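Accompanying notes for the structure given below.
The values are calculated or read from the model by the stated rules, or taken from the named source; none is laboratory data. Everything numeric in this text was worked out from a predicted model, so none of it was measured. Please note: Cβ atoms are built from the backbone with ideal geometry, for glycine as well, and neighbour counts cover all protein chains shown.
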Amino acid sequence: MGIFNKIFGNKTVKNENSMEVIFDSSNFEELAIKSDKVVMIDFWAEWCGPCRMVSPIVEEIANEYSGDSAVIGKVNVDENPEISMRFGIRNIPTILFLKNGEVVDKQVGAVPKHVLEEKLKSHM
């Protein structure tokens with residue numbers, strides 16, 4: 001059982017093998033905006049082909065970096081349109097990097113793992 005599972009309960013974790021947080025309107029403010037860590041958020045949808053390419057990369061990064069140094073997770077844009085609108089998300093996948101509740105970096109479109117890792121590390 002992962003650390004997020006212990007701290008936040010099963011609702012925030014995609015599965016027991018992943019440290020990826022599933023953000024929604026009930027936990028976004030607490031886990032993303034109020035976090036004292038760098039937060040990486042993948043905005044995605046099930047019908048989005050490029051999102052399916054990025055998803056395993058985000059999950060790998062979550063398993064490697066979540067915990068003491070970062071919070072990494074996803075927002076399903078179809079299920080959480082209010083979060084998407086808050087950040088003006090118009091294209092997916094879009095990955096936002098937040099620090100102290102503010103957007104500090106952004107990546108639109110599918111990219112290799114090293115691009116996302118470099119962006120994440122630069123804000124840690």
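The set of residues in the range 24-42 being outside any loop (DSSP other than H, G, I, E, B) and either among the hydroxyl-bearing types (Ser, Thr, Tyr) or in contact with a helix residue (DSSP H, G or I) (Cβ under 6 Å, 6 or more places away or on another chain) (or both) consists of Phe28, Val39, Met40, Asp42.
Whenever a residue of the range 61-72 is over 16 Å from Lys99 (Cβ atoms) and of a type outside the set (A, V, I, L, M, F, W, C), its partners that are at pLDDT 90 or above and not in a strand (DSSP E or B), lying with C-beta atoms within less than 9 angstrom and at least six residues away or across chains, give the pairs Asn63/Glu20; Glu64/Glu117; Gly67/Lys37.
Total residues in the range 55-83 satisfying the condition of being small (Gly, Ala, Ser) and touching an Asp or Glu at 6+ places or on another chain (Cβ under 9 Å): the figure is 4. On inspection, Lys106 qualifies as farther than 19 Å from Asp24 by Cα and out of contact with any helix residue (DSSP H, G or I) (no Cβ under 8 Å at 6 or more places or on another chain). Once the range 54-104 is narrowed to residues that are farther than 18 Å from Ser35 by Cβ and among the hydroxyl-bearing types (Ser, Thr, Tyr), the residue that is surrounded by the most Cβ atoms within 10 Å (Cβ to Cβ) is Thr94. Among the residues of the range 60-81, which ones are out of contact with any strand residue (DSSP E or B) (no Cβ under 8 Å at 6 or more places or on another chain) and either over 17 Å from Asp24 (Cα atoms) or among the hydrophobic types (A, V, I, L, M, F, W, C) (or both)? Correct list: Glu60, Asn63, Glu64, Gly67, Asp68.
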